[in-house]
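Following: one structure in structure tokens, then a few remarks.
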Amino acid sequence: MSAVGAGLPRPARPPFALSLVHGSAALLAVVALAGTLWQGLDERGVALAFGALVAVGELARWSGTEERESAPLGAAGALAYALLGENAGHPTHHGVLQVVAVVVAAVLVGSVPHVARGRGPTLDHLARRVLTVAFTAVCFQPLYNQGRLLEWNGPAYAVLLVALLVLTALCDAVLAAVMAHSRTRWPFGPVLRDELRAMLGVGSAVCATGAVMSLAVAVVGLWALPVFSLPLLLTQMSFRRYAAVRTTYRQTIASLARATEIAGYTPAGHARRVAVLSRAVGRELGLSEPDLTVLEYAALMHDIGQLSLVDPVPAGATAALPTDEQRRIALLGGAVVRQTGVDAEVAVVVERQADPYREQPVSARIVRAVNAYEEMAREAGPTGPLTALEQLRLATARDYQPEVVESLARVLSRPGLTLPQAG
């Protein structure tokens with residue numbers, strides 16, 4: 001079932017900002033490759049060493065991951081090459097175009113096996129890699145090649161590299177937020193905030209490794225590359241294990257949520273549809289990533305209290321029940337959630353979804369409105385989405401927060417949101 005059934009038009013072409021970012025990255029990559037082929041490589045051994053490091057990083061990237069930086073070793077190697085001024089005490093002479101060309105060629109080579117398996121990097125990933133590396137190289141290479149950084153020695157030089165990497169991280173976060181905002185129309189501020197928060201994780205390790213690599217190669221030469229790659233590889237393995245645990249946890253919650261469907265209390269796919277829509281509405285309202293996770297889990301388990309009923313509610317439609325009955329089912333659901341060991345915040349959202357919206361936390365308001373919409377739209381036939389939204393708007397005096405209902409309407413009007421099919 002597509003949520004875009006509200007009859008609103010689809011845009012005919014991609015957003016301008018997204019096309020601009022992709023086009024700029026593609027143009028820069030072509031110019032860099034053409035210029036480097038025309039002029040030849042400076043310090044071929046150095047270029048090949050860093051190119052091999054970036055290619056290995058892309059080969060070891062997390063295929064199919066949702067993480068913002070799926071190839072941390074490749075990103076660190078690219079940043080280190082952009083910040084490289086010396087090799088074992090000897091000045092280097094490569095420029096901005098060569099940095100971009102080597103990184104682009106290495107990323108393409110390292111992506112071949114992933115593309116063959118149908119899990120290659122996205123255009124957003126490639127565009128961010130090209131533009132952020134180019135930004136770093138533009139900030140550093142011209143100044144170094146002109147001799148303006150000769151007076152920066154010791155700690156001052158290291159501080160300069162760290163400052164450039166902080167600016168690069170900010171540039172990367174802004175680029176990612178712009179592309180996400182253009183593609184999904186989520187509010188830009190919360191998206192940027194989530195991107196900046198994500199930089200504190202693996203992003204900080206990438207920046208630190210890039211700075212240390214460039215400093216180490218300047219002193220001891222290219223032998224420093226494999227030595228300083230090892231800590232980041234171990235960090236990547238740890239993040240991969242954490243991601244696997246998190247995925248298993250989410251699958252466990254989804255399996256618990258299906259208990260009501262298997263027992264015949266709710267229609268097949270209802271909990272998943274409510275979870276997808278609730279998360280989209282939470283994004284629209286500017287919730288942070290941790291709050292969105294709690295919201296998604298609560299939406300998946302919002303009907304689990306119906307397992308305590310002797311007589312199932314017809315079609316699992318709790319929105320039409322008396323308020324006292326809704327509250328009893330919600331409290332039973334919260335008790336079940338607490339016994340499963342899921343986060344207590346999820347239980348609170350499940351327990352409070354039947355309260356008047358002025359007394360509810362934001363997540364409970366979203367789950368209640370989205371659940372009611374899904375039930376009403378399912379029962380109203382072909383005109384279900386429009387009829388359900390109209391009924392929600394008429395009930396905003398007490399039952400549903402107006403801002404949540406309007407956010408839901410905006411989410412439904414956008415293209416690209418596809419809900420799980422019934423069954």
The answer for the per residue Cα convex hull volume of the chain, in Å³, is 154
Two pseudo-spin positions, 7 Å from Cα along C-beta at F188 and at R393, lie apart in nanometres by 2.9
Net charge (Lys, Arg +1; Asp, Glu -1) of residues whose beta-carbon lies under 9 Å from that of V107, V107 excluded, is 0
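Does the range 245-395 come out rounded, prolate or oblate, given a ≥ b ≥ c as the square roots of the eigenvalues of its C-alpha gyration tensor, rounded meaning a/c under 1.5 and, failing that, prolate meaning a/b above b/c? List each step's numbers first, then the result.
Values: a/c = 1.38, a/b = 1.15, b/c = 1.20.
In terms of gyration-tensor shape, rounded.
Cα gyration tensor of the range 167-294, axes a ≥ b ≥ c as square roots of the eigenvalues: rounded (a/c below 1.5), prolate (a/b > b/c) or oblate? Please report the intermediate quantities before stating the final value.
Working: a/c = 4.56, a/b = 1.84, b/c = 2.48.
Oblate.
Stokes-Einstein diffusion coefficient for the range 154-233 at 10 °C in a medium of 1.306 mPa s, Rh from the Kirkwood formula over Cα pairs: what value in µm²/s? Spell out each step's value before the answer.
Working: Rh = 14.1 Å.
D = 113 µm²/s.
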For the chain, longest principal axis from Cα atoms; helix 224-257 axis from its Cα atoms; angle between them, nearest 10 degrees, is 10
Put S255, S278 in order of accessible area, largest first, probe 1.4 Å, and you get S255, S278
Computed for the range 290-399: size of charge dipole around the Cα centre, +1 on C-beta of each Lys and Arg, -1 on C-beta of each Asp and Glu, debye to nearest 20, value 180
Given backbone amide H placed at 1.01 Å from N, residues whose amide H is under 5 Å from that of N87, ignoring those fewer than 5 places away on the same chain, are T92
Per DSSP, the loop-located trypsin sites (Lys or Arg not before Pro) within the range 66-151 having at most 13 other beta carbons within 10 Å are R117, R148
Taking the alpha-carbon centre of each part, the distance from the range 142-172 to the range 264-284 in Å is 48
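Please state the charge dipole magnitude for the chain, taken about the Cα centre, from unit charges on C-beta atoms (+1 on K and R, -1 on D and E), reported in debye and rounded to the nearest 20. List each step's numbers first, then the result.
On the way: 35 positive and 33 negative charges, 112 e Å.
Using only the charged Cβ atoms, the result is roughly 540 debye.
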Between the Cα axis of helix 402-413 and the main Cα principal axis of the chain, the angle (0 to 90°, nearest 10) is 60
Sorting I329, V112, A280 by the position of each Cα along the dipole of the chain (Lys, Arg +1; Asp, Glu -1; all at Cβ), the one nearest the positive end of that ordering is V112
To the nearest 10 degrees, the tilt of helix 16-39 (Cα long axis) against the first principal axis of the alpha carbons of the chain is 20
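The values are calculated or read from the model by the stated rules, or taken from the named source; none is laboratory data. Just so we're clear, the structure is a prediction, and the values are computed from it rather than from any experiment. Here Cβ is always computed from backbone atoms with ideal geometry, including for glycine, and neighbour counts include all displayed protein chains. These area figures cover heavy atoms from the full protein model, side chains too; ligands, DNA and RNA do not enter into them. Shrake-Rupley method; radii C 1.70, N 1.55, O 1.52, S 1.80 Å.
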